[in-house]
Amino acid sequence: MSIGSGPPLLVAFVALVVFTAWRIGSRRCRPGAETWLATFVWCAFLIMAYAVALSAFRRLAAGGMLLLAATGAAAAAALARATRPPASRGEAAPLTRRQAGLLALALLPPIAFGAFALLLAVRAPETGYDNLAYHQPRVAYWIRQQAVGSFLANDPRIGSFPPNGNVLHLVPALFLRHDRLCGAVQLAAMAATGLGIVALARASGASRTAAVFAALVWFSVPSVADQASLTMVDVTASAFVTAAVYFLVRRPSTAFHLFTCLLATLLAVGTKQHLLVVAAPIGILAAAALLRRHRAAAPAVGLGLVLAALAAGGLFALQNREVWGGAGGPPALRWVVVGPSLGSFVKNLEIVLLPLAWWWPGAPAWAPRFTESVAAAGFGLCWTALACVSVLLLAWDLAIRRAPEARAWRLPAALGLGAALVLLALLRHQHAVYRFVLPLVAVLTALHARTFERLADGRSWRRWSLLGLAWLTAAGVLVQQSRWQARARRTGNAWVSATSRYGKDLEPFAADLRRRSLRGPLRVGVITGQYFPHGLFFGRGYRHVVVPLSYDPPATAAAIDALGLDALWVSLGAGCRVDLFRRDFEPPPAQPTTSWSPAVRAFDEDFMRAYQATIDMVDVRPTLSALVEPGTRWGVVALSPSGALFVRGEGQPLGVERLCGERPR
């Protein structure tokens, strides 16, 4: 496939997948938000299924994906012609012209944000940390391996983290041979989550206006806009969880709706495994409803779920057990992230409530200012304040007023709030903990529709005032986040490039490997620590084959020759040692919490102590000695404090003392 044919083929693939998913969902769902929410879930599953099917034969490529998408679309069209749509689909009342105009106005901020983000992606590649450290590199590895699967990567997050979110990122990278549009997946997920919030609010009894208000509050969450245009997965997981909760509470629910609920649950766990805390109760409730209302369809649904589970991360989990010793990846990594304690719960809760800290009496020095609380701090002042009001108001109406209409909100509130509190208690404290509970924040956002109805109390001026405030807040947050994203993709007066985004220290290496990829593919070995942007090694169009070697570094010239490498990168950490998670990890005894105040912009002492207990320092000097042996023909073509790039037959030989001693800066 030529570079020029990539964009039209990508458009064709997306159109075919959307058509297939829409055909599946539109025949059984109400028109509008419900149909498009089901379409998003089925699109994600179809992409996963196609990728896993091709990976089984190590034939994952753009042509194969396009062929399967065309086959799926043809099958969906034929099935639609051969069968009648179910009679129980239900219909939604059409929008009036005034309602349609107000909806278009309400959607203006997120649409403008999405358009700007896409233009920005075309202009300059992403910068950041997690996206460059493991989300994008694992996509590159899968493209070169022609398979989605677990493997022994230098960074366990690349090799072992749940695959579903990154498989969606794989689609634009596979067709375009670059990662510029991978972030578009999260933009679509942000919109799908908004649809899910609208659908969930409506299913619980809210009016259309109140449901739109809740969606606007979702778009005002800073941590959503902060990553919605990046190659990350938290917003994608939010869309799956919101869809699962909606199809669980939807009435009347058919076997198809419950199957879609369970499918979205599988996709969520296969994107972020900690979401099992909410997936388990959803799965139990959906299975019970299926057995109670649609017992005849239960065997077929069960068989379908088994196959879906294998495609939506199940096979990957089985591979993880073989490669890393656990279905969720290396036990050491899991132990660092999961550390139940009262201290962690208190600190995590403080991080979540951080936007409210600007007005606390005697607020600590790390408390954000008002403007930061609105546009930058975690879930934002708007969402956090409304969440407190919504939960308290619902509890009051259920326990004191015993309002009948409040009962419909019990299940979404219990799932969202209960799972969020469990996660805050289970996860070891870190400053970005709000990302882990973001999918549950999406579920709780639907409750804001009920709060809107209660605060408005049927008065028109209150409704318009609340809508206007939500619209202005969402617009302000999205504009501010757009400015920050644009600023992050510039260095001085210039836009970042495919090489400069890795920083001054690594840019020469990225540029060198990119130039070499124009002459032909290389086989590049890499010995790095666990946190390193591997994307720079693949060159232009993912042409280089990258071989991670940190867990088994070659110690002799013969071992290096046996790998058939053309180039080898060696990280030069302190004392020429690189840090890796232990593969044979045994958890140490639990230690008491040392602090009860959150680390707002860094990892605290408790987290770092747990992290240090899981780390091995691997000495790379034997590999360096083998590379500089007489007659090996390996030479250093580039050197920096970060590491050295060796190429066979080029460069100059340098001694181990020179490489591990003082280096140019």
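Percent of C-alpha pairs per 5 Å bin in the stretch 231-296, short distances first: 3, 21, 31, 21, 13, 7, 2, 1, 0. Here the chain carries DSSP beta bridges of which approximately 70% are antiparallel, counting only pairs with both residues inside.
What's the carbon and sulfur percent of the chain's accessible surface, probe 1.4 angstrom, rounded to a whole number?
Working: 17540 of 27540 Å².
The nonpolar share, carbon plus sulfur, comes to 64 percent.
Each residue, A602 and R59, gets one label point 7 Å from its Cα in the Cβ direction; the gap between the two is 5.4 nm.
Charge dipole (Cα centre; +1 on Lys/Arg Cβ, -1 on Asp/Glu Cβ; no other charges) of the stretch 556-643 amounts to roughly 160 debye.
Rounded to two decimals, the Cα radius of gyration of the chain over 2.2 N^0.38 Å is 0.99. The tail of the calculated P(r) for the stretch 372-529 beyond 22 Å holds 62 percent of all Cα-Cα pairs. In the context of the full set of protein chains, residues of the stretch 69-174 present 43 Å² of accessible surface per residue (probe radius 1.4 Å, heavy atoms only). Remark: the stretch 646-651, residue by residue, has Karplus-estimated 3J(HN,Hα) of 9, 10, 5, x, 9, x Hz, where x stands for each Gly or Pro and the curve is 6.51 cos²θ - 1.76 cosθ + 1.60 at θ = phi - 60°.
Checking the a/c ratio against 1.5 first, then a/b against b/c, what shape does the Cα gyration tensor give for the stretch 121-160?
Values: a/c = 3.81, a/b = 1.62, b/c = 2.36.
The shape class here is oblate.
Protection proxy ranking, highest mean first, for peptides 211-217, 562-568: 211-217, 562-568, where packing is the per-residue count of other beta-carbon atoms within 10 Å, averaged. Taking amide hydrogens as placed 1.01 Å from N in the peptide plane, the amide H of V547 sits under 5 Å from those of V524, G525, V526, each at least 5 positions away in sequence or on another chain. Using the Karplus relation 6.51 cos²θ - 1.76 cosθ + 1.60 with θ = phi - 60°, the per-residue 3J(HN,Hα) values for the stretch 209-221 come to 4, 5, 5, 5, 4, 4, 5, 5, 5, 4, 6, 8, 6 Hz, with x marking Gly and Pro. Summarising the amide proton neighbourhood of L427: residues at separation of 5 or more, or on other chains, whose placed amide H is nearer than 5 Å comprise G339. Among 182-191, 301-310, 443-452, the peptide with the highest mean count of other Cβ atoms within 10 Å heads the list, and the full ranking is 443-452, 182-191, 301-310. With R₀ fixed at 25 Å, the C-beta to C-beta distance from R462 to I400 puts the FRET efficiency at about 0.65. Applying the Karplus relation 6.51 cos²θ - 1.76 cosθ + 1.60 with θ = phi - 60° to the stretch 281-293 yields 3J(HN,Hα) values of x, 4, x, 5, 5, 5, 5, 5, 5, 5, 5, 7, 9 Hz, where x marks Gly and Pro.
For M617, M608, M232, give the ranking by accessible area with the largest first, probe 1.4 Å.
Output order, biggest surface exposure first: M617, M608, M232.
Taken per residue, the accessible surface of the stretch 412-514 reaches 40 Å², heavy atoms only and a 1.4 Å probe.
The values are calculated or read from the model by the stated rules, or taken from the named source; none is laboratory data. Since we're looking at a predicted model, the values are computed, not measured. With ideal geometry, Cβ positions are generated from the backbone for all residues, glycine too; neighbour counts draw on all protein chains shown. Side chains included, ligands, DNA and RNA excluded: accessible areas come from the protein's heavy atoms. Shrake-Rupley method; radii C 1.70, N 1.55, O 1.52, S 1.80 Å.
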